[in-house]
Amino acid sequence: MKIKVHDSELKVMDFLWRDGDLTAGQLAKLLKEETGWNRNTTYTVIKKLVEKEAVARLEPNFTCRALITKEEVRQYEAMELGDKLFDGSAEAFLSAFLSGKELSGDEISRLKNLVESLDA
């Protein structure tokens, strides 16, 4: 699914991915505590997510359900960044991302396994 999710929308999605279905009122309370948003701001962001079909609005009680996964958003954003800054080159993207990072032996092993699985 190719849906651009902006930073403010990610705040709402993070709660839905973590906690599952929540009412708009519950989201408004959580976001007020975390970010200081007022109720109208939260409802406006939810409305945008519903219009994008990233969130379903269910009744009763204006319950919100994520229709996209965190992994789908990660993949889309990574592809967008790779296309925009690295001309679609996965090698250049990964090289830039990993340069200067200190990786543990386990992380290196998992990355090797990931690359090897691409050959299969």
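The values are calculated or read from the model by the stated rules, or taken from the named source; none is laboratory data. Keep in mind that what you see is a predicted model, and the values were worked out from it rather than measured. Here the Cβ is made from the backbone with ideal geometry for all residues, glycine too, and neighbour counts use every protein chain on show. When the accessible area is computed, the model is the full protein with side chains, heavy atoms only, and any ligands, DNA or RNA have been set aside. Shrake-Rupley method; radii C 1.70, N 1.55, O 1.52, S 1.80 Å.
At-a-glance table
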| read-out | value |
| --- | --- |
| With Cα atoms, 0 to 90° folded angle of helix 24-35 axis to the chain main axis | 60 degrees |
| Where Cα atoms sit under 16 Å apart: lysine pairs in the stretch 1-60 separated by 8 or more or lying on different chains | 10 |
| Computed helical MRE - 222 nm, the chain, DSSP H runs ≥ 4 contributing -39500 (n - 2.57), nearest 500 | -21000 deg cm²/dmol |
| Pair Lys101, Lys29: separation of 7 Å Cα→Cβ label points (nm) | 3.8 nm |
| Test item: Cα-centred dipole of the chain, Lys/Arg +1 and Asp/Glu -1 on Cβ, debye | 640 debye |
| Carbon and sulfur %, accessible surface of the chain computed with the full protein complex present, 1.4 Å | 51 percent |
| Highest average packing first - 98-105, 57-64, 13-20, Cβ atoms within 10 Å | 13-20, 57-64, 98-105 |
| Cβ-Cβ FRET estimate between Val50 and Ala78, R0 fixed at 25 Å, reported to 0.05 | 0.50 |
| Potential lengthening between Leu85 and Leu10 on full extension [0.36 nm per residue; Cα-Cα distance subtracted] | 24.8 nm |
| Charge dipole of the chain about the Cα centre (unit charges at C-beta), most positive-ward option of Met13, Leu98, Leu30 | Leu30 |
| Lys, Arg +1 and Asp, Glu -1 on Cβ, resulting dipole of the stretch 25-83 about Cα centre, debye, nearest 20 | 400 debye |
| The chain, relative contact order [Cα under 8 Å, separation at least 6], % | 24 percent |
